[in-house]
1. Given the criterion under 27 Å from Thr17 (Cα atoms), among the β-branched types (Val, Ile, Thr) and surrounded by fewer than 20 Cβ atoms within 10 Å (Cβ to Cβ), identify the matching residue among Thr125, Thr94, Thr136.
2. Run Glu106 past the list (1) surrounded by fewer than 16 Cβ atoms within 10 Å (Cβ to Cβ); (2) in contact with a Pro (Cβ under 7 Å, 6 or more places away or on another chain); (3) in a loop (DSSP other than H, G, I, E, B) and report the number of the one that doesn't hold.
3. Quick check: anything in the range 37-46 under 30 Å from Pro161 (Cα atoms) and modelled with pLDDT of 95 or more?
4. Looking at Val163, Val155, can you tell me which residue is at pLDDT 95 or above, out of contact with any Gly (no Cβ under 8 Å at 6 or more places or on another chain) and assigned to a loop (DSSP other than H, G, I, E, B)?
5. Hey, among the residues in the range 139-152 that are in a loop (DSSP other than H, G, I, E, B) and not β-branched (Val, Ile, Thr), which one's surrounded by the fewest Cβ atoms within 10 Å (Cβ to Cβ)?
6. Are any of the residues in the range 47-55 more than 23 Å from Pro158 (Cβ to Cβ), outside any strand (DSSP E or B), touching a residue at least 40 places away in the same chain (Cβ under 8 Å) and not hydroxyl-bearing (Ser, Thr, Tyr)?
7. Can we say Tyr49 is touching a Lys or Arg at 6+ places or on another chain (Cβ under 8 Å) and of a type outside the set (Lys, Arg)?
8. How many residues, within the range 109-134, are farther than 16 Å from Arg59 by Cβ and in contact with a Pro (Cβ under 9 Å, 6 or more places away or on another chain)?
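The values are calculated or read from the model by the stated rules, or taken from the named source; none is laboratory data. Being a predicted model, the structure only gives us computed values, none of them experimental. Methodologically, a virtual Cβ is constructed for each residue, glycine included, from the backbone with ideal geometry; neighbour enumeration extends over all protein chains shown.
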Amino acid sequence: MRFNKMRIEGLLIVEPTPSTDSRGSFARTFCKQEFAQHGLIEDFVQHSYSHSRQKHTIRGLHFQKRPHEEDKLVSCTQGAIWDVAVDLRPGSPTYLEWAGAVLSSENRAQFYIPKGFAHGFQSLTDDAVVSYLISTPYEPTAASGIRFDDPAVGVSWPADPTVMSDKDKSWPLLPIGDPV
């Protein structure tokens, strides 16, 4: 596996390094030892997936409030998505900045998102399936979010959303200058 740092400290794109032969290919998508060597969480307690039926569906931007923050390893197992993480770490030099990457069943890339980030994505294809390894059990009372179009963050989405949940549409805008 290759661990590629993104411009925001803590965010990584993890790429498999497949071996190929006449049968096809084989690659590891997770190795506890390699993740530990890179200082990453290596104990995921929950595995979830989402299926977005329609192209340009937006999910997010979600996060869990302290002390239920989550590390995530996100991959797209069918179709393609534009995956985004927003820095919510108070005192971070990149506070409220975002980074994004295309994840797809073709590139098999994974996005490692540590605690202290909001996460969301937009499907780039119909029938996009996203897989999440998560470090902390989901706690409904800690669930929170940022509006996808919050001008304080300014995420550049590939297209206008076609489908969103009412909950995601109704997250409040961030007060300027106030930490989340």
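1. Of Thr125, Thr94, Thr136, the one residue that is under 27 Å from Thr17 (Cα atoms), among the β-branched types (Val, Ile, Thr) and surrounded by fewer than 20 Cβ atoms within 10 Å (Cβ to Cβ) is Thr125.
2. Looking at each condition in turn, Glu106 falls short on (2).
3. yes
4. Val163
5. Top of the filtered list is Pro151.
6. No, the range 47-55 has no match at all.
7. Here the answer is no, as Tyr49 does not meet what is asked.
8. Total satisfying the criteria: 3.
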